[in-house]
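Sharing a structure, written as structure tokens. Questions coming.
Throughout, read-outs are computed from the coordinates displayed, never taken from laboratory work. Please read these numbers as outputs of a predicted model, since none were measured by experiment. FYI the Cβ positions are ideal-geometry reconstructions off the backbone, even for glycines, and counts take in every protein chain you see.
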Amino acid sequence: MWFCPQVVWEIRGADFTVSPVHHAAIGLVHPSRGISIRFPRFISCVSDRSPEECSTAADIGEMFHSQTRKMDITTGD
């Protein structure tokens, strides 16, 4: 189901990981896998940002590459 974005959430997690299930930023760090957040936690609603100001797929890919825990993304399909 698709819906119109209206609320911005702040979410924290342990780190970003390559996922065969989730499609966020697919193709940016692996040709056929997306990126997911390990142990995501809802922190709060963010009232000073609009949905248009949220992190993009490119932002997520950049955060994945800049995290201190590096992952080997060459194994598997």
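Calculate for the chain the 222 nm mean residue ellipticity that helices alone would give, adding -39,500 (n - 2.57) per DSSP H run of length 4 or more and normalising by residue count, nearest 500 deg cm²/dmol.
Theoretical 222 nm ellipticity from helices: -4000 deg cm²/dmol.
Tell me, what is the percent relative contact order of the chain, built from C-alpha pairs under 8 Å that lie six or more residues apart?
35
Now a separate question. If I fit a long axis through the Cα atoms of helix 57-66 and take the longest principal axis of the Cα atoms of the chain, what angle between them do I get, 0 to 90°, rounded to 10?
Long axis of 57-66 versus the principal axis of the chain: about 60 degrees.
So for the chain, Kirkwood radius off the Cα pairs, Stokes-Einstein at 10 °C and 1.306 mPa s: how many µm² s⁻¹?
The Stokes-Einstein estimate is 116 µm²/s.
With charges set only on the Cβ (+1 for Lys and Arg, -1 for Asp and Glu), what does the dipole of the chain come to about its Cα centre, in debye to the nearest 20?
Roughly 300 debye, rounded to the nearest 20.
Give the peptides 15-22, 36-43, 3-10 in descending order of average Cβ contacts within 10 Å, highest first.
Ranking the peptides 15-22, 36-43, 3-10 by packing returns 15-22, 36-43, 3-10.
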